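Report on the following structure.
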Amino acid sequence: MDIFNARSLIERPGALIRDAEQGHLAMVTKRGRPVFITVPFTEELLRLGILKSLALKMLEEKNLTVKQAAKIAGLSLEEMLSLASDLGISVVDYDPKDLDQELACDDE
């Protein structure tokens, strides 16, 4: 595994890409502390669940709808809802005023 700091990323960005293309992990540091690890996309990695993790993270950050996340993860809508619920990821995002109105409608 190669280790890259901020300076080496600027000076030799192609090295990080070459590592990934060759299937190698690489660690990126800032002031000597690990910040993140790059992981090459291989068929094995995809099969082992990276797509579920990616879909859940994008759902949590509100970059995808539940339906879109389910499609990326290769799950049914019900499976994605269940998985998100198990992990405490909210799939309903109401503005407080809208929620009050929604709840008031149930009283009628």
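Please treat every number below as a calculation from the coordinates, not as lab data. Everything quoted here is computed from the prediction, not taken from an experiment. Every residue, glycine among them, receives a Cβ derived from its backbone with ideal geometry; neighbour counts consider all protein chains shown.
Points to keep in mind about this one:
- With R₀ fixed at 25 Å, the C-beta to C-beta distance from Glu21 to Ile72 puts the FRET efficiency at about 0.65.
- Between 0 and 90 degrees, the angle of helix 96-107 with respect to the longest Cα principal axis of the chain falls at about 40 degrees.
- Gyration tensor analysis over the Cα atoms of the chain returns equivalent ellipsoid semi-axes of 39, 18, 10 Å (largest first, whole Å).
- Mean separation of Cα pairs under 8 Å and 6 or more residues apart, divided by the residue count, gives the chain a relative contact order of 15 percent.
- Taking trypsin sites (Lys or Arg not before Pro) across the range 1-32, the ones in a DSSP loop with at most 10 further Cβ atoms lying within 10 angstrom of their Cβ are Arg31.
- For the pair Glu79 and Asp2, the difference between a 0.36 nm per residue extended length and the Cα-Cα distance amounts to 24.0 nm.
- When the chain is treated as a GNM with alpha-carbon contacts under 10 Å, the residue of Val91, Val28, Val66 showing the greatest mean-square fluctuation is Val28.
- Exposure proxy ranking, count of Cβ atoms within 10 Å, fewest first, for Lys52, Lys57: Lys57, Lys52
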